[in-house]
1. By counting other Cβ atoms within 10 Å of each Cβ, how are B:157, A:220 ranked from fewest to most?
2. Output the relative contact order of chain B, whole-number percent, from Cα pairs under 8 angstrom with separation of 6+ residues.
3. In the Gaussian network model of chain B, springs joining C-alpha atoms below 10 Å, which of B:256, B:339, B:302 carries the largest mean-square fluctuation?
4. Using a basic spin-label model with each label point 7 Å from the Cα along Cα→Cβ, how many nm lie between residue B:224 and residue B:298?
5. Among B:269, A:285, which comes first, second and so on when ranked by fewest other beta-carbon atoms within 10 Å?
6. Between rounded, prolate and oblate, where does the stretch B:88-196 land on the alpha carbon gyration tensor, with a ≥ b ≥ c its root eigenvalues, rounded for a/c under 1.5, else prolate if a/b exceeds b/c?
7. For chain A, modelled as a Gaussian network with Cα springs under 10 Å, which listed residue fluctuates most, A:113, A:205, A:49?
8. Smallest Cβ-to-axis distance in chain A, for the rotation taking A to B: which residue, how many Å?
């Protein structure tokens, strides 16, 4: 069965919306944040822990799984759900972003047919095409697959952005034709760089092809926030109301709020787990680094009112000790907290849409997060 | 309250015995295996996971906690149980073994007063005495503390072993005098190297001082198995029936069986978690390395009849992928299985003592473990 988006409420003052995504693995509310399990594991966490922090859909990376262990092994295992023991919905990306980011400083060659680049593991020569990306994802048997696209760098010339955007549209068409998995849904990806007309053109043309949902790609690649928010606005204007909208690779709390207000339903980012590995924790008053000396004898949780396993059982002093001593249980505790922070944020955003007060929620959150709250 | 050992059954054909240890954190059956949480965490595992694999007492290292985060921070946290969120019994070692092993290739200076050596973290000069070791452990507030001893290397000359053994006895006396924590028990440690008369002398003199339990130290330091088993026999002959006996640092399955047959009640070892970090798993048919190519498409659990979380939910193929991709969830899954393997082994040994068939159990286990079982 394909996923189905059910729009339950449109906010009157913003473009934010509350809805449901029905999947083969249950129904989940949107807006939602999706943790990233690059290599068929959300770093340091078990599936049970992911559920305990309120994760709905999780994301895994086609490029990484293609290289290791290989899509055929996952197919033989019965698909990605069975392979990694996750019975919630899984979204896979197309590999396009990894070609862009991992091969950033390496030679890559983008042709009409596909992209030649080198493996980040052993330097071997690889060639990824729209058809291959879809074929791999069909085998992985994720619930939601992504069209193969080129992530346009920022800044890019208008000419380059136009050429690339048109090619991504042709790739989307090719991928759609190659697609063959009745239990999987396929999202189109809006590109267009920082250019309003290209973003709108990309969105319109992608929508014409008729996908199960629409992603906005090519943000969080170095552009300023205003440019990023504009990219979202340009695209969303052209997207249909009855399909989910997914802003790729965005996990900064304020960006999530700004995205929701602009009509985004789904977000993903490695940020919560990556921050954890470096000893950072989200708090309502901004990010903290647990390695800071001042937490050495701080026997309070990261956040007093947080309902996550970490905050219910462990002190900053202990987590600091684990991170300083390079014990992976520390990363695990911080990952649990950080993912919970973002899933709780989307819970609160959903409630604020229902309560018609998302702009008030935004102001209050940002004031506190940026440390401008006088009561703090 | 001090711990209390309750002897429930003496085997008739061997020295093995079934009993209970009553602690401030519950009652646990012996013989038992204790996982090691060096830095106030059993690597990659949560307290809940430790309980799920049947861990009773866990061990933590005084030397490591002294250096980082420091015993005063743990005291302020309310003791080690509260600091690390473990409400089961905890045993701390004395630091003597770490001085021996971590400073092996570094300059150390053993005097009557104590040991001068260098920190393995920053090379700073440290001085550990029997009194300081006990004082640190009193502050950590573990359930069972260890006397400060010198772990005699193997081989050692008779003269050196004698001198060292006598000094360890004087250190035990000094530590006992310094000891001051009514909720903590103190174990004496039998040394004596490979020499029968020194082992027996050490055991007799240690017992005369009257400890809450007795450890056998200085095994697993490079000696052959026969020598090791002899060291156990020499010591156990002199130990009282009404106190628990703890063979330090031993976790090889066959050594555990041989130890139990020789009258040992408690074992600890970093082996299950260390093996896990290198991709190794215990099985009834011997150790396997999950990185082996033959497990790439092996969609069966590590052991079909194992009741651990790992074997109930994950395949060798997936765990292999995680270990090859250097994902810590792989180490976690293997640690869970490996610790469960040893706690299950002690459960089976306890049952075989009750059933009067421990020698048959031993023969069967060893045959299969060494791959001599023709049915396998």
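1. Values: B:157 10, A:220 20.
Least to most surrounded, the residues fall as B:157, A:220.
2. Working: 755 pairs, mean separation 65.4, N = 376.
Answer for chain B is 17 percent.
3. B:302
4. 3.3 nm
5. Details: B:269 23, A:285 13.
Fewest-to-most ranking of B:269, A:285: A:285, B:269.
6. Numbers: a/c = 1.84, a/b = 1.27, b/c = 1.46.
Oblate.
7. Checking each option, the largest mean-square fluctuation is seen for A:113.
8. A:328, 2
A short reminder: the numbers here are calculations on the coordinates, not readings from a lab. Please read these numbers as outputs of a predicted model, since none were measured by experiment. When we count neighbours, we look across all protein chains shown, and the Cβ atoms used for this are built from the backbone with ideal geometry, even at glycine.
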